[in-house]
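The values are calculated or read from the model by the stated rules, or taken from the named source; none is laboratory data. Keep in mind that this is a model prediction, so the values were computed, not measured. Methodologically, a virtual Cβ is constructed for each residue, glycine included, from the backbone with ideal geometry; neighbour enumeration extends over all protein chains shown. Protein only, heavy atoms only, side chains kept; ligands, DNA and RNA dropped before computing areas. Shrake-Rupley method; radii C 1.70, N 1.55, O 1.52, S 1.80 Å.
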Number of protein chains: 2
Amino acid sequence: MPETTETTILAAAKKVFIKKGYAGARMQAIADEAGINKAMLHYYYRSKEKLFRVVFEQAMMGLIPKLDEALSGNGSVVEKLEKVVRAYVAHIQENEHLPLFVLHEIAQNRIEFIASMKSKAARFPNFPQFFMQIIQEQEAGKIRAILPVHLLLNILGMVVFPFIAKPVFCNVIEIPEADFDSLMKDRADVIVDFMKNALTP
Amino acid sequence: MPETTETTILAAAKKVFIKKGYAGARMQAIADEAGINKAMLHYYYRSKEKLFRVVFEQAMMGLIPKLDEALSGNGSVVEKLEKVVRAYVAHIQENEHLPLFVLHEIAQNRIEFIASMKSKAARFPNFPQFFMQIIQEQEAGKIRAILPVHLLLNILGMVVFPFIAKPVFCNVIEIPEADFDSLMKDRADVIVDFMKNALTP
DNA sequence: CTTTGCACTAACCATTTGGTTAAACCTTTT
DNA sequence: AAAAGGTTTAACCAAATGGTTAGTGCAAAG
């Protein structure tokens, strides 16, 4: 990808918005981060809101199709969930502020345009189908009984939480950041193991 | 507790700060919520920062001692974790914006004063002790092997995540809010069950 | 009745912040 | 070389926002 002014701005906007949130982000901070004049932001993206929308949309597009990739296909429930775990742990590790950003902004309602995103999304996970598969495997006695939504909440919770809680563990519980990061390297394996045992009938 | 202007302000500030975050909160919005003049906020609390500090401190004080209550005492690891799950699920259910607020603000670094809070806290959980207990039970073959920190992350993740992800599930996956809330009533039971199975040797 | 002191308000202030504009600057085309 | 057109900048603007102030109201103390 060419390093145009437009892409430089977007990269800077991602950095600032994702770290500080919409309300906490300053257009000047984005301009500084990009090393260009603030007027350029409006020249290319019109307004803070529009620029934010691009950042948010791309952030979501990096998350949602990953879910679909993992959940569609022929694997068993456990195999699919293992894919979800590994894909998300790896992806979030590259941008630890991402989940808190997405969660916080969606909680702020700032997002009427979620609907428009779903239509744009090339791949959107088919939850009803996956939930059906879970029920079938449960009836077949392959995995323990648990409502599919709860199972999904459990898995995603174990995946996402450590990243958004890292500052708590490091500052409140006072685990050195280096120690915490090295724990995170095994994270996917630990979750997969925990999940497999929990689902053993 | 008497309903003085001071307490009215604090209640309003809690509502606004916890919902919108520090950066998104407006002093005028707090004044409106409290039904009083904006100058009163400064009369009683000096500045936005100071007012925020009180709100944040009380929010944390509602969370940290609960952990200590659950983790200290004589129960087994599973019994203690079950207490944690039930206490937190119940507490968060009363203020669903609370976890995202705390997590977001701590992530923003707005909190050098965490240290001062720990000394103020009447009860602060003794993690090393609890982690030791986990290792002992593992060596005794009572529960499966898993690094204590990972176990804590798993449990807290399953507890906290559903609340902060509720808007995602309702708006993106399009589960009706009423359905989601009724799912949440079983949440504690589901987590406890999931955990017990996962920890079975 | 007057004074004192706290609670409270309307109006105001200074700064920050998102956004605009007019002019300068290239780069390409003619 | 000049014109044209997109790109970039410094300076500027208006609204929003945290914070202040001068003064009003009112109850208790003298």
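A few notes on this one:
- Listed pairs A:LYS142/B:LYS80; B:LYS142/B:LYS196; A:LYS19/A:LYS166; A:LYS66/A:LYS142 exceeding 20 Å between Cα atoms: A:LYS142/B:LYS80; A:LYS66/A:LYS142
- Note that region B:61-75 has calculated 3J(HN,Hα) couplings of 5, x, 10, 5, x, 4, 5, 5, 3, 6, 7, 7, x, 10, x Hz, one per residue in order, obtained from phi through the Karplus relation 6.51 cos²θ - 1.76 cosθ + 1.60 (θ = phi - 60°); glycine and proline are x.
- Ligands, DNA and RNA are left out, and with a 1.4 angstrom probe the accessible area of region A:1-140 is 51 Å² per residue.
- Report note on the peptides B:182-188, A:60-66: ranked by the mean count of other C-beta atoms within 10 Å, highest first, their order is A:60-66, B:182-188.
- Peptides B:50-59, B:147-156 ordered by average Cβ neighbours within 10 Å, highest first: B:147-156, B:50-59
- Nearest-first distances (nm) between copies at B:PHE124, label 7 Å from Cα via Cβ: 4.8
- Across peptide A:141-154, the mean count of Cβ atoms from other chains lying within 10 Å of each residue's own Cβ comes to 4.
- The spacing between region B:79-122 and region A:177-195, judged by their C-alpha centroids, is 22 Å.
- Rounded to the nearest whole Hz, the Karplus-based 3J(HN,Hα) values (6.51 cos²θ - 1.76 cosθ + 1.60, θ = phi - 60°) of region A:95-102 follow the sequence 8, 5, 7, 4, x, 4, 4, 4, with x at glycine and proline.
- Shielding by partners - mean other protein chain Cβ count within 10 Å, residues of B:22-32: 2
- Each of A:SER119, A:ALA59, A:LEU152 was placed along the dipole of chain A (beta-carbon charges, centred on the mean Cα), and the one lying farthest toward the positive end is A:SER119.
- Crossing angle, helix A:187-199 versus chain A [Cα axis fit, 0-90 degrees, rounded to tens]: 30
- Each Lys and Arg adds +1 at its Cβ and each Asp and Glu adds -1 at its Cβ; summed about the Cα centre, region B:1-129 shows a dipole of about 320 debye.
- Averaged over the residues of B:188-201, the number of partner chain Cβ atoms lying within 10 Å of the residue Cβ comes to 4.
- Both chains summed, the buried accessible area for B and A stands near 4700 Å², from protein heavy atoms and a 1.4 Å probe.
- Accessible surface of chain B, 1.4 Å probe, proportion on carbon and sulfur as whole %: 52
- Chain-alone versus full-assembly comparison, region A:82-112, residues with accessible loss of at least 30 Å² (1.4 Å probe): A:LEU100, A:LEU103, A:HIS104, A:ILE106, A:ALA107, A:GLN108
- In chain A, the longest principal axis of the Cα atoms and the axis of helix A:148-171 are about 50 degrees apart.
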